[in-house]
1. Would you mind finding the one in Met1, Met7 that is of a type in the set (A, V, I, L, M) and over 19 Å from Leu88 (Cβ atoms)?
2. Do we find a residue being in contact (Cβ under 8 Å) with a residue 40 or more places away in the chain and in a loop (DSSP other than H, G, I, E, B) anywhere in the stretch 36-50?
3. Which count do you get for residues in the stretch 19-61 that are small (Gly, Ala, Ser), farther than 11 Å from Phe9 by Cβ and surrounded by 18 or more Cβ atoms within 10 Å (Cβ to Cβ)?
4. Just need a number here: residues in the stretch 1-18 that are buried (at least 18 other Cβ atoms within 10 Å of the Cβ) and among the hydroxyl-bearing types (Ser, Thr, Tyr).
5. Out of the stretch 1-45, which residues are among the polar types (S, T, N, Q), in contact with a strand residue (DSSP E or B) (Cβ under 7 Å, 6 or more places away or on another chain) and closer than 23 Å to Val60 by Cβ?
6. Hey, can you tell me all the residues within the stretch 64-89 that are surrounded by 12 or more Cβ atoms within 10 Å (Cβ to Cβ), among the small types (Gly, Ala, Ser) and assigned to a helix (DSSP H, G or I)?
7. Quick one: would you say Val53 is in a loop (DSSP other than H, G, I, E, B) and hydrophobic (A, V, I, L, M, F, W, C)?
8. Which one of the conditions (1) without any contact (Cβ under 8 Å) to a residue 24 or more places away in the chain; (2) touching a Ser or Thr at 6+ places or on another chain (Cβ under 7 Å) does Ala17 fail to meet, given that it meets all the rest?
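Read the figures in this text as sums done on the coordinates, not as results from a lab. On a predicted model such as this, the values are computed, not experimentally measured, just so you know. Neighbour counts are summed over all protein chains in view; Cβ atoms, including those assigned to glycine, are modelled from backbone coordinates with ideal geometry.
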Amino acid sequence: MCIVHRMTFRARQRRSAQLGQCLARLDGVGIDGSGCLELRIFPLAGDAPGWHVEGRWRSVAARDAFLAGETLCGVLAEAIGADLIASLECALEPLQQVA
C-alpha cells in the first residue's frame, strides 16, 4: 500500500520562478530508504503561478516524518519569509496498492 500527499503552492504575483527555486531544494529528499517512493515538483498547469509537490509514501509514518522534517520545514520557512506563497493547499489520497 502507499499513501499519496499533494501540496499546491500558489505563488505571489511575479514570484513563481523564485518559489520554484525554493521548492527545488526538496528534489530527491526522502528517497533514501525513508519510505518515500517518489517525490515530484512540477508547475501548475496553464498560466497559474505556482507549483505542485506530490509525494508517494510507503506508510503514514513515512509521510508524517517528511512533513515534520527539517528540510521541508526549512523550505517552507524560507518561502514564507521571502513572501513567495499566496496560498497552500494540501490533499491526501486514500491508500493505494504499490505496483
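1. Details: Met7 fails: over 19 Å from Leu88 (Cβ atoms).
None of the others qualify; the one that does is Met1.
2. So the first thing to find is which residues in the stretch 36-50 are in contact (Cβ under 8 Å) with a residue 40 or more places away in the chain, and the list is 37, 50.
This time we only want the ones that are in a loop (DSSP other than H, G, I, E, B), so: none.
No, that holds for no residue.
3. The first filter runs over the stretch 19-61 and keeps only residues small (Gly, Ala, Ser), leaving 20, 24, 28, 30, 33-35, 45-46, 48, 50, 55, 59, 61.
Restricting the remaining residues to those that are farther than 11 Å from Phe9 by Cβ gives 24, 28, 30, 33-35, 45-46, 55, 59, 61.
In the following step, the residues that additionally are surrounded by 18 or more Cβ atoms within 10 Å (Cβ to Cβ) were identified as 30, 35, 55.
Of the residues in the stretch 19-61, 3 are small (Gly, Ala, Ser), farther than 11 Å from Phe9 by Cβ and surrounded by 18 or more Cβ atoms within 10 Å (Cβ to Cβ).
4. The total comes to 1.
5. Of the stretch 1-45, the ones among the polar types (S, T, N, Q) are 8, 13, 16, 18, 21, 34.
Okay, now just the ones that are also in contact with a strand residue (DSSP E or B) (Cβ under 7 Å, 6 or more places away or on another chain), so 8, 16.
Within the stretch 1-45, Thr8 is the sole residue that qualifies.
6. Scanning the stretch 64-89 gives Ala65, Gly74, Ala79.
7. Numbers: in a loop (DSSP other than H, G, I, E, B): no; hydrophobic (A, V, I, L, M, F, W, C): yes.
Against the criterion (in a loop (DSSP other than H, G, I, E, B) and hydrophobic (A, V, I, L, M, F, W, C)), Val53 does not qualify.
8. (2)
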